[in-house]
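The values are calculated or read from the model by the stated rules, or taken from the named source; none is laboratory data. These figures come from a predicted structure and were not determined experimentally. Neighbour counts are summed over all protein chains in view; Cβ atoms, including those assigned to glycine, are modelled from backbone coordinates with ideal geometry.
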Amino acid sequence: MAMRSSSDGYADVVMGLQHGDEGKGRFIDDLAVNYDWIARYNGGPNAGHTVEANGHKLALHQIPSGVNHPDKQLYIGSNCVVNLVKLCAEIDEVERAGLSVKDRLHISPKASLIQPSHIIEDMATMKDVGTTGNGIGVTYAHRSLRVEGNRQLDVQLSTLATDTEYAFGVIRRNLEIAKEKYDVSIDVEAMLNQLRLAFDRVKDCIDRRPDLLRGEIRKGMRILLEGAQAFGLDQTYGITPDITSSNTGVAAAFQSTAIPVDYKRYAYGVAKMIPTRVGHGPFVTEFGGRRSEEYCMEEGGKKYNKEYEKKTYGHRLNELFLSDDPLEQGIAIRIDGDEYGASTGRPRRPGILDLQQLKYAIDVNGLDGIYFTKGDKKNVFSRMKGKAITIATGYALNGLPIDYVPADKNELSRVKPVITNYEAFSDDISHVRDSHHLPPQLLEVLRDTQDRIACRIIAVGVGPRREQVVQLNGTLD
Ligand code: IMP
């Protein structure tokens, strides 16, 4: 192995620990000042994060979170899948906010192109999973499958950049076949033209070297590796088929960026104090269990969307909070916490904090610390009849405790959470910045959680704005 030198840089990782939407972006935004590069290592436009820049709210999907720091270099890794048309729309947004990605957005040539045919096939065949409809699974599947008969399925950006006409020939053929197979009425020429324009605009971002970041780290660069989706949706460790199609954890970060693993310094996770899930899939601690999943996924998540719920239930939240029906409590939590898909408006399914799942994610990824978001929303329990904060501190199967997270969907669906109750608090803590001013009840929850997960809790978010964070600085020790 090449010798490391003391002037070499290092790489840190930030990943989501539950089922996505943990709010990683705001921490990455803060951490970004300490790094030279911010690199996205998995997924594609199925991810979403909001970044504030020059008074503009940017809804980003593929561009890494550090974009609002003009001096940071940005990277999209080899195991990502890229929609170039959507990428251009994001670049437009960034430019509207007075920022630029010129000479600082770099994309691995090994990333795969999300072809228009992939999106058509995702929409036509993957409804049962409740995917984001971005062609993610089909693109990754075709990347693995490579060919069908004599037809090439996957197009990587290297081919698009170096053998453009050949690549467009492949894309055209795949699109014509998808059009016929799924009987969709689309204008093939218009779609190809749109893609060609997008490619022309971003082609200079496609780097020739798949190991660009390895070279950068040898030059002393400090790199932050940013995950998308989360461990609960991991291609390997999530519960198939209700997962995404990429690996989401720390090992995947190094695989995707060609950084040798011994350059790893720290790895952090982000978790929500009241976790949520969108799409189908098992969720042991969901308010309302399977009924909530079915309700939220009615008409693919479109029926009971944000607009519907706010109009129907917005005026009687207190009543819902006091209901004996956990499905109704969940609706109140969703409205109160504005828990709807950022781009789709789909209702997110809320649950109580699940420490068995969280510890699993922390242990498998060897994390050095975690950030919690939505600490302020922990006060919702004071609005419920039980007036106790409930947390799942273990799992039981057939009445007996188990010390693992089942790998099978059926087995996991039979797991019962073991609940521990903590004293509730009703304070609004959204203005708190000093950990000593947090309610003692929340500190007790955090202290006990830290002991149980055996991992340092670094900070807690107390509101959606970037500055609404309380650093714990040893308060729990
Ligand atoms: P896909 O990644 O679009 O194939 O969707 C697969 C599953 O992952 C679905 O349940 C999606 O709702 C979920 N998913 C994908 N990306 C995200 C995300 O960024 N946040 C939350 N859920 C996601």
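Brief remarks on what is shown
- Counting only strands (runs of 3 or more DSSP E) wholly contained in region 375-467, the ones carrying 3 or more residues that are over 29 Å from GLY25 (Cβ atoms) occupy 388-397, 400-402, 416-423.
- Candidate set: region 197-208, residues that are of a type outside the set (Val, Ile, Thr) and either touching a helix residue (DSSP H, G or I) at 6+ places or on another chain (Cβ under 7 Å) or within 16 Å of the ligand (Cβ to nearest atom) (or both); chosen: the one nearest to LYS264 (Cα to Cα): LYS203
- Across region 25-39, not a single residue is classified as touching a residue at least 24 places away in the same chain (Cβ under 8 Å), part of a loop (DSSP other than H, G, I, E, B) and more than 20 Å from LYS219 (Cβ to Cβ).
- Of all residues making up region 12-24, the number that are assigned to a loop (DSSP other than H, G, I, E, B) and more than 10 Å from the ligand (Cβ to nearest atom): 2
- Within region 121-146, residues that are near the ligand (Cβ under 8 Å from one of its atoms) have Cβ atoms under 8 Å from residues that are modelled with pLDDT under 95 and hydroxyl-bearing (Ser, Thr, Tyr) in these pairs: ASP122/THR131; THR132/SER343; THR132/THR344; GLY137/THR131, counting only partners at least 6 apart in sequence or on another chain.
- Among (1) touching a Ser or Thr at 6+ places or on another chain (Cβ under 8 Å); (2) surrounded by 19 or more Cβ atoms within 10 Å (Cβ to Cβ), the one test that ASN365 misses: (1)
- The condition (being modelled with pLDDT of 95 or more, of a type outside the set (A, V, I, L, M, F, W, C) and within 16 Å of the ligand (Cβ to nearest atom)) is satisfied by just one residue among ARG383, ARG349: ARG349.
- Reported count of residues in region 317-337, each being free of Cβ contacts under 8 Å to residues at least 24 places away in the same chain and loosely packed, with under 14 Cβ neighbours inside 10 Å, is 1.
- With respect to the conditions (1) more than 16 Å from the ligand (Cβ to nearest atom); (2) closer than 30 Å to PRO241 by Cβ; (3) free of Cβ contacts under 8 Å to residues at least 60 places away in the same chain; (4) crowded, with 22+ Cβ neighbours inside 10 Å, ALA89 lacks only one, and its number is (4).
- For region 224-245, a residue qualifies if it is more than 8 Å from the ligand (Cβ to nearest atom) and of a type in the set (Ser, Thr, Tyr), and the qualifying residues are THR236, TYR237, THR240.
- Considering (1) within 15 Å of the ligand (Cβ to nearest atom); (2) over 16 Å from SER246 (Cα atoms); (3) outside any strand (DSSP E or B), the lone condition that VAL101 does not fulfil carries the number (1).
- One residue stands out among those in region 269-316 that are closer than 17 Å to GLN356 by Cα and among the polar types (S, T, N, Q): the one that is farthest from the chain's Cα centre (by Cα), which is THR285.
- Residues of region 43-76 satisfying the condition of being away from the ligand (no atom under 16 Å from the Cβ) and assigned to a loop (DSSP other than H, G, I, E, B): ASN54, GLY55, HIS69, PRO70, ASP71, LYS72
- Scope region 189-211; condition within 24 Å of TYR41 (Cα to Cα) and assigned to a helix (DSSP H, G or I); matching residues: LEU195, ALA198, PHE199, ASP200, ARG201, VAL202, LYS203, ASP204, CYS205
- MET221 vs. criteria closer than 30 Å to ILE389 by Cβ and away from the ligand (no atom under 16 Å from the Cβ): no
- When LYS374, LYS416 are checked against the criterion of being at positive phi, out of contact with any Leu (no Cβ under 6 Å at 6 or more places or on another chain) and at pLDDT 95 or above, a single residue qualifies: LYS374.
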